[in-house]
């Protein structure tokens, strides 16, 4: 058995990344859903809350979503939205997820979708489960928007076992969601720790435990800025890894270009 040559490795990488042209980098911020908690939390959950432990996924109300849409190495949109209206935020997520796709017509009868690769830090165990769970509360209100319903369906579909037609976004081993700590380093690692090792500034706008205080004090824009900072740091981190460890396998924007970006901040 002989080792591949460097040229063969590079060619294999290019072939592997052929279908990965779009990326959706995102992060969410949440607070405790007090109404839900006071209504149905059991004794064990109450005890966890009193001890300052992490609450179960469904009790996390989304208050901010930040995202970066990238296509063919170009950042199309970098935005952070904050709102007391969770439905608006979740509807925005699904809408922007759909916009992160690209479509091209192969012939008159068939169009091809270029599906986005999700880029997160600990998104497989938190962000995505929260978004899916909290969407249940509002999904009936999305009935009039069939496009959103279509992309929720694609996201949740488990029937395309081998990802040869479309991604299985809910599968932990999907190729279409790169959760940087677990998929690249094999362990849960904080964004702050990874960024420190790469000399990437992060957590300048506050701390995660401050989000609930900001929310209760009505300082919503601080939450949006904090969330956006995490998305920018995540994108810079992946760009750094793609360049130095993955030898630019993915068509992702240059580190210095991402560093210059400033998000659109919006309160709804």
Where the second residue is surrounded by 12 or more Cβ atoms within 10 Å (Cβ to Cβ) and not in a helix (DSSP H, G or I) and the first is on the phi < 0 side of the Ramachandran plot and in contact (Cβ under 8 Å) with a residue 40 or more places away in the chain and lies in the range 133-159, which pairs have Cβ atoms under 8 Å and are six or more apart or on separate chains?
134/60; 134/61; 134/62; 151/101; 155/169; 155/170
Mind listing whichever residues of the range 220-245 are surrounded by 16 or more Cβ atoms within 10 Å (Cβ to Cβ) and outside any helix (DSSP H, G or I)?
none
Picking from 168, 172, 187, the residue that is in a loop (DSSP other than H, G, I, E, B), under 26 Å from residue 251 (Cα atoms), in contact with a helix residue (DSSP H, G or I) (Cβ under 9 Å, 6 or more places away or on another chain) and free of Cβ contacts under 8 Å to residues at least 24 places away in the same chain would be 187
Residue hits (the range 129-151; crowded, with 20+ Cβ neighbours inside 10 Å and in contact with a strand residue (DSSP E or B) (Cβ under 9 Å, 6 or more places away or on another chain)) are 130, 131, 134
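What tally of residues in the range 232-249 results from selecting those that are on the phi > 0 side of the Ramachandran plot and touching a residue at least 12 places away in the same chain (Cβ under 8 Å)?
Here the count works out to 1.
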Subset of the range 190-219 (residues that are farther than 21 Å from residue 86 by Cα and assigned to a helix (DSSP H, G or I))
191, 192, 193, 194, 195, 196, 197
Of all residues in the range 154-181, which are more than 14 Å from residue 115 (Cβ to Cβ) and modelled with pLDDT of 95 or more?
179, 180, 181
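The values are calculated or read from the model by the stated rules, or taken from the named source; none is laboratory data. Values in this document were obtained by computation on a predicted structure and should not be read as measured data. Please note: Cβ atoms are built from the backbone with ideal geometry, for glycine as well, and neighbour counts cover all protein chains shown.
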